[in-house]
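The values are calculated or read from the model by the stated rules, or taken from the named source; none is laboratory data. Given the structure is predicted, the values throughout are model-derived calculations rather than measurements. We place every Cβ from the backbone using ideal geometry, glycine too, and count neighbours over all the protein chains shown.
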Amino acid sequence: MAQKDQKGLTAQKENDFSEWYTQLIQKAELIEYSPVSGCYILRPNAYHIWEKVQSFFDALIKADGVKNCYFPLFIPESLLTKEKKHVAGFAPEVAWVDYGGDTKLGERLAVRPTSETIMYDAYAKWIRSHKDLPLRLNQWNNVVRWEFKHCTPFLRSREFLWQEGHSVFSSDSEVRDDTFKMLNFYEQTFREMYAIPTLKGKKSEGEKFAGAVYTLSVEAFLPNGKAIQGATSHHLGQNFAKAFDIQFSDDQQQKQYAWQNSWGISTRSIGMMILMHSDNKGLVLPPKVALTQVVIVPILFDNSRKAVLKEAQDVVKRLTTKNISVHLDDRDDYTPGWKFNEWEMKGIPIRVELGPKDLEKKQVLIVRRDTGEKKAVSLVKLDVEIPALLETIQQSLFDKAEKYLKRSIVTVLNFKDAEKQLKTEKLLFVPWCGKPLCEEEFKEKTGAKSLNSPFEQPALKNGQKCFACAEKATVWFYFGKSY
């Protein structure tokens, strides 16, 4: 049996987080670098994860009445500049098209950084009466934001995939309810699909979406001591309605400006999952997003080869009927040990080993990717044991991440303690004045910024001071170093 060289990860997660991540996403066949800096190729192992999340979230919003659509990639400059705060927030990241072939365009076209402006131009044409509302549309697409910061696959790239929902209502109360509802859908998606716990809350004025009244977010805390924003839901108020003249006649035939929100999750979420769960052997996948949930590695010898393969193929059929994705690795030119390492690198949740001795005992050896735990299971019980173990792995990954999150949160009341805890890779929970200048100065001194404020607020003591500037505190907030 020929043996081919297989190089595992040479960097360790706890010692060189960045190099570990870079090696992992390539060796687990998730990413290939493209000729354009900051733009990346999503290989099938990665794109399948996005497809699973897309299907899950798409079902949630469609069941709630949202419909999918598609708007053009190119946005005329005149539309992009209609909402001043919005365009100011995106101006440094916009990629522009000036020429079509050799012909200079009469008006520059922005390559979609987000679709508020082009969608709301159409909404102004479609909405006339309160009977046209609510209008709730979503699109699955790509966007381009010409990042000049350090690009990192999944986490920060110049082109990425996402969904962007844009809804219109006749009242503030409706849009508030919907903005919170979408945030809950995101929390559910991270919890049920990625096995990632998140902190739900409201962003600061300095960190909110450009042009929004306020922004809600789900934030995660990763094993390298950095927080990361997972998804956002923006209450846009009537800001864009006034800029784009989106008006409707109410039931009294009075003209009113509409109320709007927008909400999105992107392929950044895949990077969050990788960083949260994976280890020094490679990728660790939650079963619900894995392209292959179970890999069967037969231990083959000439005198028992046919019998072992026959039983392995029977196991594949039985598990497939349970809607489990299974792969039988019956390649001859790799040793079983080499295959074990390869599938561990790719994060397959369960490995099933089957050799002649197992066949005699009418059993298989099951190995969990997340813990490495091994267990002999009777062949007749596989139909029950494998589905149950996949559920256990999914929940176990979430529980582990949740424990990490809870023990990472520390309450601090002053700047000195905040600095100290940040050095130990903690997530700060602090009484804060809420002022942008205070936030900017704290970030400049420590490298940490505000994340969000929880909806359920602990009481502030009388005379409670801001942890950073010692002015009066107005809100409890999460702060941390962040992507």
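Considering only region 283-298, I want to know if a residue exists there that is outside any helix (DSSP H, G or I), of a type in the set (D, E, K, R) and within 39 Å of the chain's Cα centre (by Cα). Checked region 283-298: no residue is outside any helix (DSSP H, G or I), of a type in the set (D, E, K, R) and within 39 Å of the chain's Cα centre (by Cα). Would you confirm whether any residue within region 73-93 is under 18 Å from F240 (Cα atoms), touching a strand residue (DSSP E or B) at 6+ places or on another chain (Cβ under 8 Å) and of a type in the set (V, I, T)? The answer is yes, given that some residue of region 73-93 is under 18 Å from F240 (Cα atoms), touching a strand residue (DSSP E or B) at 6+ places or on another chain (Cβ under 8 Å) and of a type in the set (V, I, T). Residues that are within 28 Å of R176 (Cα to Cα), among the charged types (D, E, K, R) and either without any contact (Cβ under 8 Å) to a residue 60 or more places away in the chain or in a helix (DSSP H, G or I) (or both) within region 410-463 comprise K435, E439, E456, listed in sequence order. In region 439-466, of all residues being surrounded by fewer than 20 Cβ atoms within 10 Å (Cβ to Cβ) and in contact with a Cys (Cβ under 9 Å, 6 or more places away or on another chain), the one that is nearest to F209 (Cα to Cα) corresponds to E441.
When you check T424 against the structure, is it loosely packed, with under 15 Cβ neighbours inside 10 Å and touching a Gly at 6+ places or on another chain (Cβ under 9 Å), yes or no? Considered against the rule, which asks whether it is loosely packed, with under 15 Cβ neighbours inside 10 Å and touching a Gly at 6+ places or on another chain (Cβ under 9 Å), T424 comes out as yes. Working only within region 198-255, note down all residues that are under 23 Å from the mean Cα position of the chain (by Cα), crowded, with 18+ Cβ neighbours inside 10 Å, aromatic (F, W, Y) and modelled with pLDDT of 95 or more. The one that is under 23 Å from the mean Cα position of the chain (by Cα), crowded, with 18+ Cβ neighbours inside 10 Å, aromatic (F, W, Y) and modelled with pLDDT of 95 or more: F221. The conditions of being among the small types (G, A, S), at pLDDT 95 or above and either assigned to a helix (DSSP H, G or I) or under 27 Å from M272 (Cβ atoms) (or both) are not met by A88. Among the residues of region 151-184, those that are part of a helix (DSSP H, G or I) and buried (at least 21 other Cβ atoms within 10 Å of the Cβ) comprise V175, D178, T179, M182, L183. Scanning region 317-338 for residues that are under 17 Å from L291 (Cα atoms) and crowded, with 17+ Cβ neighbours inside 10 Å turns up L319, I324, V326, L328, D329. The set of residues in region 195-220 that are under 30 Å from P349 (Cα atoms), among the hydrophobic types (A, V, I, L, M, F, W, C) and in a strand (DSSP E or B) comprises L199, V218, A220.
Out of all the residues in region 339-348, is one or more buried (at least 19 other Cβ atoms within 10 Å of the Cβ), among the basic types (K, R) and part of a loop (DSSP other than H, G, I, E, B)? So far as region 339-348 goes, yes, one or more of its residues are buried (at least 19 other Cβ atoms within 10 Å of the Cβ), among the basic types (K, R) and part of a loop (DSSP other than H, G, I, E, B). Considered as a group, the residues in region 95-144 that are of a type in the set (V, I, T) and surrounded by fewer than 17 Cβ atoms within 10 Å (Cβ to Cβ) include one that is nearest to A258 (Cα to Cα), and that residue is V97.
For L382, indicate whether it is within 23 Å of I299 (Cβ to Cβ), crowded, with 17+ Cβ neighbours inside 10 Å and touching a residue at least 40 places away in the same chain (Cβ under 8 Å). Answer is yes for this residue. Taking the conditions exactly as written (free of Cβ contacts under 8 Å to residues at least 12 places away in the same chain and out of contact with any Cys (no Cβ under 9 Å at 6 or more places or on another chain)), does T335 satisfy them or not? It is false that T335 is free of Cβ contacts under 8 Å to residues at least 12 places away in the same chain and out of contact with any Cys (no Cβ under 9 Å at 6 or more places or on another chain). Note on region 15-64: residues that are surrounded by 15 or more Cβ atoms within 10 Å (Cβ to Cβ), more than 15 Å from the chain's Cα centre (by Cα) and not in a loop (DSSP other than H, G, I, E, B) amount to 13.
If you check F477, F467 for being assigned to a loop (DSSP other than H, G, I, E, B), more than 23 Å from F17 (Cα to Cα) and of a type in the set (F, W, Y), only one passes: F467.
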